[in-house]
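The values are calculated or read from the model by the stated rules, or taken from the named source; none is laboratory data. Computed from a predicted structure; not experimentally measured. Note that each Cβ is placed from the backbone with ideal geometry, even for glycine, and that neighbours are counted across all protein chains shown.
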Amino acid sequence: MENRNTFVAPSLLASNFLELGKEVEMLNRSEADWLHLDVMDGRFVPNISFGLPVISHIRKATKKTCDVHLMIEEPEKYAEDFKKAGADILTVHYEACTHLHRNIQQIKGLGMKAGVALNPHTPVHLLENIINDIDLILIMSVNPGFGGQHFIPKSLEKIRQTREMITHYKAHALIEVDGGISVENAGAILDAGANVLVAGSSVFASKDPEATISALRKA
């Protein structure tokens, strides 16, 4: 996996919140590269998850990269707060940002890596004009808002299109994929051009999460 410059980012949204400290300890022991943290506001997506205080505590409990995915309206109002809470990467949704270039500049100006997420219906070519400004493109392979959904097959073609665009523009952005990822389909997702696998239910619902993370690394 390392040869393909790829990373595994378990999503804490699928973890046992009553045992969050133990879950983070497990991820610290595991081969996970990043901790993926989904923030939902009940407006942009039909669900509410966790926010700044939880991320702040997770930051204190790990030295691994905190990959924060904002599924919220008006993310510019909170970017500085997420930096203070410990985000290393801050990803906003194309669909939530009227002034996306300004959002990206704000995030990078605060010293974080900047990502842009695309919902399943949003075409990747819409990122052409900012592809060289962003560090990460998050392809949603399910409709955002809930865990445990099935991978949308069309996402593989979307990943390939994203890889072609990055190559064409000589950009450096990583491709992250989130939704319905398992040991069974991880290889195909990586072969399509992805760098970062976000895995929630497949990790935390498994009998041996650490072994599942290891298997994803070997996909």
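Of all the criteria given as (1) assigned to a helix (DSSP H, G or I); (2) out of contact with any Lys or Arg (no Cβ under 8 Å at 6 or more places or on another chain); (3) not acidic (Asp, Glu), the one not satisfied by Leu190 is (2).
Can you confirm whether Gly145 is touching a residue at least 60 places away in the same chain (Cβ under 8 Å) and within 18 Å of His172 (Cα to Cα)? Answer is no for this residue. Taking the criterion of being buried (at least 19 other Cβ atoms within 10 Å of the Cβ) and either in a helix (DSSP H, G or I) or over 14 Å from the mean Cα position of the chain (by Cα) (or both), the only residue of the stretch 113-124 that qualifies is Val124.
Per the conditions (1) within 21 Å of Leu127 (Cα to Cα); (2) at pLDDT below 95; (3) of a type outside the set (Lys, Arg), the sole criterion not satisfied by Ser201 is (1).
So, Gly179, is that one more than 19 Å from His101 (Cβ to Cβ), buried (at least 22 other Cβ atoms within 10 Å of the Cβ), without any contact (Cβ under 8 Å) to a residue 60 or more places away in the chain and within 16 Å of the chain's Cα centre (by Cα) or not? For Gly179, the condition - more than 19 Å from His101 (Cβ to Cβ), buried (at least 22 other Cβ atoms within 10 Å of the Cβ), without any contact (Cβ under 8 Å) to a residue 60 or more places away in the chain and within 16 Å of the chain's Cα centre (by Cα) - is met. For Leu127, the test of being modelled with pLDDT of 95 or more, over 29 Å from Phe17 (Cβ atoms) and buried (at least 19 other Cβ atoms within 10 Å of the Cβ) is passed.
Taking the stretch 46-66 as the range and being part of a loop (DSSP other than H, G, I, E, B), free of Cβ contacts under 8 Å to residues at least 60 places away in the same chain and touching a strand residue (DSSP E or B) at 6+ places or on another chain (Cβ under 9 Å) as the test, the residues that pass are Ser49, Phe50, Gly51, Thr62, Lys64.
If a residue must be assigned to a helix (DSSP H, G or I) and crowded, with 19+ Cβ neighbours inside 10 Å, how many such residues does the stretch 71-93 contain?
4
Selection within the stretch 193-212: residues that are without any contact (Cβ under 8 Å) to a residue 60 or more places away in the chain and not in a helix (DSSP H, G or I). The member of this set that is farthest from Val24 (Cα to Cα) is Gly193. Which residues, counting only those in the stretch 23-45, are in a loop (DSSP other than H, G, I, E, B) and not basic (Lys, Arg)? Correct list: Ser30, Glu31, Ala32, Asp33, Gly42, Phe44, Val45.
Screening Phe146 with (1) modelled with pLDDT of 95 or more; (2) part of a loop (DSSP other than H, G, I, E, B); (3) not hydroxyl-bearing (Ser, Thr, Tyr) gives one miss only, at (1). Residues in the stretch 1-33 that are touching a Lys or Arg at 6+ places or on another chain (Cβ under 6 Å) and modelled with pLDDT of 95 or more were compared, and the one that is nearest to His93 (Cα to Cα) is Val8.
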